[in-house]
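Peer 1: Submitted below is the structure of interest, expressed as structure tokens.
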Amino acid sequence: MRTSLAFLVAILTFAAASAAELLLVADDRPRATVVLAEGVRPDDVAVRALLSHVQQMSGVQLPTMEEGKLSEARIVAGRLVAPAGRTEADTFILLGEGNLTRRIGVTTEGLGAGGIVVKSGANTLTLLARDDGSDARRPALARSVFHLLEALGCRYLWPGEVGKVIPRRPRLAVAAIDHRFTPIVGQRNLRVAGHETRNATQGMAWLGFTPEQHLAAFEQATRTAAEGEWAAWNRLGGNLGIMGGHAGAGLRGGWAEHGEAHPKWFALQADGTRDQSAAKERWRLCVSNPQLVEHVARDIIAQLGGKARPGTFSLSPNDGGYSSFCLCDACRKLDPPDGPRIKLMIFERVGGAGRTEMDYVSLTDRYLHYWNAVVERVTQVVPNQLFLVDAYSAYSNPPVQERVHPNLVLRYVPTQVDAWKAWQAAGAKRVLWRPNNLHRGYNDGAFKPQARETAKTLQYLSQNGVIATDMDSIYHHWATQGLLYYTAARLSWDPAQDFDVLLDDYCETGFGAGAESVKQYFRRVERDVVPDAGPRGIGFPQIAPESLAALRELLVAAARATAADAASGRRVAFLRAGLEFTAISAEAHRLARAAEAGVAVDSKAAAALLERRWQLMRLLLQQQPLAVNVAVVAAADGQLNRALRWNGPGEAAKSGQLQLPSVDHWLNEDQTKLRRK
């Protein structure tokens, strides 16, 4: 009986120890050692991120050691027992799969590419990942580290120190955890624009800055003490090889190489010619031409050399340009008369600006006919090769007659997914979602309340064939569009997340006692802002002055609530910078719309408003460059300025300072010289 009781006590003691917290730091000294599996190097992102965040949280540097130094360690009742004198650690953080993790029974077996394991044991904390072809900046193993750090309260809401949430904890412990996860979306990308994108250099000059000054401000704003970039932290990465840009529908060399010998391979134009020399790299093809199909298929077979290329081979047509889609009878016979109606751009001549719009049907069936024909020939020789094609432009609608070849991966560009079921019904099984959902509104820097819609779309697509995302693009309007960027990244990693739960976490971890006011702020933006209203060219979100006033009150309340919490207060101020820029820009665009409509506008009042906006943009570039990318906005301001007949700031405005109300602290830390008395 005593033996049975002792055995039961031992089992219960072990179970309690297994469920207990693991101590990492206490009494200003490390209580854990990071054990690096073979192949994990001290300078890897995963290692540097773990050590730097723990140090910033606790002030203590965790030691590291190679797994080989614990080769004689024993596993006793699930505990790792190091050889005498080797280490004083209470906890062992096993980073990367190796002999020790296998001995304690924790592996990545059963996970897919990019899957992670974060699992606590009796005195071990195991962090593993399956490789997924990511580059060194966004490695899979780092995602297990980021998951652990988030369990400890860290977040990375937007780039830079202000967007990084790192709680200060002199005692650092990890509660019991057992997390195994493989992402449904195996390849996750949000395009990130460079600091000189979209004519930003022109905008910098308008605001009186050089590219070097802008870059210095940007780099300063994005610098952090702890390692790990925003994109990596929020789980972007993975590489399935599902890629390929606009590739001339598979024809290499274009008109320059084939035009003279094979002019009938190219699109018949409205003027009766097929000459695409003036189209440069954006030439279009006669996709009904069987000789073209045969040439492209033979060329691809030769490139493959009898072996399938990893990922996809692009058959995507060229994008845009100054030439028409083919108007020949053979191509038009491939267009179902009952297809969805579209507006087709017809150019008077290739390379010229003259054009008209023709009411026509979707070109999806003609392009699918071509893609299927090429793929059918290639897969007779290389059966497993996948090909990337586009649901985009004049061929974004689902097909009416054609079926989607099983070896086609569809790069689906529409932001809405209404048509995806019809594509599935036509045979589409794999999708790379490549929307412009982050792109629209890049040139105004204002609110874009589409985070919930993006979450719903990712949730839907994750259940209906999406294997990759490639969203265009982050233009660094983090104070006005950052929640959308964050949602797009987080839901790409785990589409099962509920948007409202994500929003709650974003606000509660990032804004402390101001969380409820900030949450109401985001919900009011979602409710009150109508995106992209107004005439083409001066489009700007519609938002009523009373809504802007209510939003300001919410952020003022959040600022008061976080007065004793400097980090949360800075994040509230960051949002306020975006709100104030939106508010002054909304008024400028309201006046511009009135002027465009022939309504008389007070020119002096308009000039004063635009001068104040110009001054604000200068200060944002200097002090809050991530709040709104004002260089990009300024580069697109030409039509706004022309509508209000404003030629730029006068000397007084250039030499003056933007005056802020005495109670406002949202622009920078020290505003004593800027205050209104």
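The values are calculated or read from the model by the stated rules, or taken from the named source; none is laboratory data. Since we're looking at a predicted model, the values are computed, not measured. Cβ sites come from the backbone with ideal geometry, for glycine too, and all protein chains shown count toward neighbours.
Peer 1: Looking at (1) in a strand (DSSP E or B); (2) more than 26 Å from Ala627 (Cβ to Cβ), which is the one condition that is false for Ala422?
Peer 2: So Ala422 meets the others, but not (1).
Let's see how each residue does on (1) surrounded by 16 or more Cβ atoms within 10 Å (Cβ to Cβ); (2) closer than 21 Å to Val165 by Cβ:
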| residue | (1), (2) |
| --- | --- |
| Leu502 | yes, yes |
| Tyr521 | yes, yes |
| Glu526 | yes, no |
| Val529 | yes, no |
| Gln542 | yes, no |
| Glu546 | no, no |
| Arg560 | no, yes |
| Asp565 | no, yes |
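Peer 1: Residue check, Asp418 against (1) touching a Pro at 6+ places or on another chain (Cβ under 6 Å); (2) farther than 19 Å from Ala297 by Cα, all met but one. Which one?
Peer 2: Going through (1) touching a Pro at 6+ places or on another chain (Cβ under 6 Å); (2) farther than 19 Å from Ala297 by Cα one by one, Asp418 breaks only (1).
Peer 1: Give just the number: which of (1) more than 30 Å from Cys286 (Cα to Cα); (2) in a helix (DSSP H, G or I) does Ile184 not satisfy?
Peer 2: Answer for Ile184: the failing condition is (2).
Peer 1: Check the range 530-543 and report whether any residue there is part of a helix (DSSP H, G or I), touching a residue at least 60 places away in the same chain (Cβ under 8 Å) and of a type in the set (Phe, Trp, Tyr). Full working, then the answer.
Peer 2: Step one: list which residues in the range 530-543 are part of a helix (DSSP H, G or I), which gives none.
Checked the range 530-543: no residue is part of a helix (DSSP H, G or I), touching a residue at least 60 places away in the same chain (Cβ under 8 Å) and of a type in the set (Phe, Trp, Tyr).
Peer 1: Something else now. Looking at Gly259, Gly248, Gly254, can you tell me which residue is on the phi > 0 side of the Ramachandran plot and at pLDDT 95 or above?
Peer 2: Details: Gly259 fails: on the phi > 0 side of the Ramachandran plot; Gly248 fails: at pLDDT 95 or above.
That would be Gly254, the only listed residue that is on the phi > 0 side of the Ramachandran plot and at pLDDT 95 or above.
Peer 1: Count, please, the residues in the range 264-315 that happen to be in a helix (DSSP H, G or I), more than 30 Å from Ala353 (Cβ to Cβ) and aliphatic (A, V, I, L, M).
Peer 2: Taking the range 264-315 and keeping what is in a helix (DSSP H, G or I), we get 264-265, 277-282, 290-304.
Next, only the ones that are more than 30 Å from Ala353 (Cβ to Cβ) stay: 290-291, 293-304.
Going one step further and asking which of them are aliphatic (A, V, I, L, M), we end up with 293, 296-297, 300-302, 304.
Selection size over the range 264-315: 7.
Peer 1: Exactly one of these conditions fails for Val60: (1) over 23 Å from Leu149 (Cβ atoms); (2) touching a helix residue (DSSP H, G or I) at 6+ places or on another chain (Cβ under 9 Å). Give me its number.
Peer 2: (1)
Peer 1: Which pairs have Cβ atoms under 6 Å, sit 6 or more apart or on different chains, and link a residue in the range 160-188 that is surrounded by fewer than 21 Cβ atoms within 10 Å (Cβ to Cβ) to one that is hydroxyl-bearing (Ser, Thr, Tyr) and in a loop (DSSP other than H, G, I, E, B)?
Peer 2: Correct list of pairs: Glu161/Thr224.
Peer 1: Specify the residue that is surrounded by the most Cβ atoms within 10 Å (Cβ to Cβ); the eligible residues are those in the range 349-408 that are in a loop (DSSP other than H, G, I, E, B) and among the charged types (D, E, K, R). Steps first, please.
Peer 2: Pass one, the range 349-408, residues in a loop (DSSP other than H, G, I, E, B): 349-354, 362-363, 380-385, 392, 396-407.
When the remaining residues are screened for being among the charged types (D, E, K, R), the result is 349, 402-403.
Working: Arg349: 17, Glu402: 20, Arg403: 13.
Step by step, filter the range 349-408, then rank; the result is Glu402.
Peer 1: A further question on this structure: Among the numbered criteria (1) closer than 30 Å to Gln459 by Cα; (2) touching a residue at least 24 places away in the same chain (Cβ under 8 Å), which single criterion is violated by Ala573?
Peer 2: Result: Ala573 fails condition (1) only.
Peer 1: Okay, moving on. Quick check on my filter: what residues within the range 67-80 are part of a strand (DSSP E or B) and either under 35 Å from the mean Cα position of the chain (by Cα) or exposed (fewer than 14 other Cβ atoms within 10 Å of the Cβ) (or both)?
Peer 2: Scanning the range 67-80 gives Arg74, Val76.
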